[in-house]
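The values are calculated or read from the model by the stated rules, or taken from the named source; none is laboratory data. The structure displayed is predicted, hence computed values, not measured ones. Neighbour counts are summed over all protein chains in view; Cβ atoms, including those assigned to glycine, are modelled from backbone coordinates with ideal geometry.
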Amino acid sequence: MDRQQEFVLRTVEERDIRFIRLWFTDVLGTLKSVAIAPAELEAAFSEGIGFDGSSIEGLTRVYEADMIAKPDPTTFQVLPWRGERHGTARMFCDILTPDGEPSLADSRNVLKRALAKASAQGFTFYTHPEVEFYLFEPSTDPNRPLVPVDQGGYFDHVPRGTAHDFRRAAITMLESMGISVEFSHHEAGPGQNEIDLRYADALTTADNIMTFRTVVKEVALEQGVFASFMPKPLADQPGSGMHTHLSLFEGDRNAFHGPGEPLELSGVARSFIAGLLKHAAEITAVTNQFTNSYKRLWGGAEAPSYICWGHNNRSALVRVPMYKPGKSNSARIEYRAVDSATNPYLAFAVMLAAGLKGIEENYQMPEGADDDVWELTDSERRAMGIDPLPATLENAIAVMESSELVAETLGEHVFDFVLRNKRQEWEDYRSQVTPYELKRFLPML
């Protein structure tokens with residue numbers, strides 16, 4: 001037994017932890033949980049916990065249902081919302097096959113494989129997400145319009161406002177679990193908020209995002225409001241994105257920093273950006289996985305709809321933030337398409353794969369876009385070589401289907417499941433008769 005496992009066992013005993021929740025994520029990014037008693041913990045570390053994988057979205061087929069969840073002791077944290085006495089803790093799990101091999105369908109394993117490929121090239125991948133979400137008044141009537149908890153706007157300070165108190169409670173809870181928060185503020189939409197997690201290696205960040213979404217939901221329940229990470233819940237307001245800052249390090253050196261280069265970007269950073277741009281359409285069905293995601297991407301309000309990069313251009317897909325002189329570790333890029341409902345393990349894996357492909361193949365970064373890309377005409381965008389992102393989930397699936405990069409990164413099992421699941425989602429969506437159609441056409445036809 002290693003020292004980390006011993007620490008967990010000792011902490012469970014000293015803090016009177018009665019339940020240990022083993023967490024993992026299905027292919028669609030939904031958190032799954034099974035609770036074990038402290039007496040089972042040693043066996044869980046050595047052998048894992050068996051469960052029926054065929055009941056989990058995308059994990060395995062019925063005829064090979066047995067799977068094993070093996071807890072990662074480095075992710076152990078006490079859940080602060082479960083109380084001090086007779087507490088509850090959690091650990092993230094790796095999913096294994098009965099013979100102890102990593103499951104090809106495990107989202108966490110997909111990211112681990114991508115990170116191992118980066119590591120083989122000498123890189124560590126760091127990410128820093130800006131997570132947006134809405135707070136609404138609770139309602140038991142599904143037909144009632146959504147009511148935001150306030151009418152605040154970007155950076156507004158609402159005295160005694162629900163969102164202000166909410167962010168403070170959520171951040172306090174996150175930090176008690178060892179998750180550092182860098183910024184928090186009211187976003188542009190009524191009831192919309194943003195909390196930015198401090199940068200960390202991509203696997204830690206993905207785990208933190210899954211914890212973050214759970215914490216936000218728990219605090220919302222405690223405060224009598226409803227939190228949603230839906231990409232576009234309100235038709236006439238901004239959608240909720242998860243702009244993600246990316247950087248590669250070689251040891252302690254930021255591989256994206258190029259002293260004396262334009263924008264202080266190294267050749268590695270430029271090829272990484274070129275890779276993201278070249279493969280952006282292919283990875284969009286992963287970074288933006290729901291039909292509703294495309295309402296955000298094509299809904300304006302600084303959401304990126306076109307494949308281009310810009311320096312401090314918030315209409316661009318890839319933004320190069322202002323370099324801070326003397327702070328080489330701050331050199332980074334920002335990918336703005338990802339939304340808050342993504343599966344972070346799969347999203348980080350495909351973004352990393354696209355960037356690494358650019359480095360491996362020495363892709364050349366195109367000219368940047370200084371203008372608001374939304375304001376350009378179609379012919380102007382074509383003349384600049386700026387292509388659109390997929391406009392619907394159907395478009396995104398069609399592009400992803402022929403992508404060798406995404407197939408290789410996700411692995412055959414996850415790749416096939418995502419395609420099947422998203423085709424079904426599109427068919428279900430396409431067959432709906434919407435309130436818009438009834439309102440627009442029923443009286444006149």
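Tabulated data for the structure shown
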| read-out | value |
| --- | --- |
| Checklist (1) under 21 Å from Thr124 (Cα atoms); (2) surrounded by 23 or more Cβ atoms within 10 Å (Cβ to Cβ) applied to Asp201, failing item | (2) |
| Subset of the stretch 121-137 (residues that are of a type outside the set (S, T, N, Q) and not in a strand (DSSP E or B)) | Gly122, Phe123, Glu137 |
| The stretch 101-151, subset under 21 Å from Met67 (Cβ atoms) and over 17 Å from the mean Cα position of the chain (by Cα), residue modelled with the highest pLDDT | Arg113 |
| Checklist (1) in a helix (DSSP H, G or I); (2) at pLDDT below 95 applied to Ala353, failing item | (2) |
| Check on Ser180, surrounded by fewer than 22 Cβ atoms within 10 Å (Cβ to Cβ), out of contact with any Pro (no Cβ under 7 Å at 6 or more places or on another chain) and within 23 Å of Glu137 (Cα to Cα) | no |
| The stretch 100-121, subset of a type in the set (Ser, Thr, Tyr) and in contact (Cβ under 8 Å) with a residue 12 or more places away in the chain, residue surrounded by the most Cβ atoms within 10 Å (Cβ to Cβ) | Ser107 |
| Candidate set from the stretch 181-223 (those that are modelled with pLDDT of 90 or more and among the hydroxyl-bearing types (Ser, Thr, Tyr)); member that is nearest to Gln151 (Cα to Cα) | Thr214 |
| Hits in the stretch 247-281 - residues which are assigned to a strand (DSSP E or B) and among the hydroxyl-bearing types (Ser, Thr, Tyr) | Ser247 |
| Single match in Ala369, Ala391, Ala347, Ala398 (criterion: part of a loop (DSSP other than H, G, I, E, B), in the same structural domain as Phe256 (by TED's automatic domain parsing), under 18 Å from Tyr294 (Cα atoms) and small (Gly, Ala, Ser)) | Ala391 |
| Residues (surrounded by 24 or more Cβ atoms within 10 Å (Cβ to Cβ), under 13 Å from Glu360 (Cα atoms) and not aromatic (Phe, Trp, Tyr)) located in the stretch 269-292 | Ala269, Arg270, Ile273, Gly275, Leu276 |
| Those residues of the stretch 204-237 which are acidic (Asp, Glu) and surrounded by fewer than 18 Cβ atoms within 10 Å (Cβ to Cβ), in sequence order | Glu222, Asp236 |
| Residue within the stretch 405-423 that is touching a Cys at 6+ places or on another chain (Cβ under 8 Å) and not in a loop (DSSP other than H, G, I, E, B) present | no |
| Contacts under 9 angstrom Cβ, first residue in the stretch 382-403 being small (Gly, Ala, Ser), partner exposed (fewer than 15 other Cβ atoms within 10 Å of the Cβ), 6 or more apart | Gly385/Glu367 |
| Filtered residues of the stretch 421-431 (kept if exposed (fewer than 11 other Cβ atoms within 10 Å of the Cβ) and farther than 10 Å from Thr291 by Cβ) | Gln424, Glu427, Ser431 |
| Out of Lys232, Lys295, sole residue that is assigned by TED's automatic domain parsing to the domain that holds Gln364 and part of a helix (DSSP H, G or I) | Lys295 |
| Set Thr284, Thr244: member being touching a Pro at 6+ places or on another chain (Cβ under 6 Å) and assigned to a helix (DSSP H, G or I) | Thr284 |
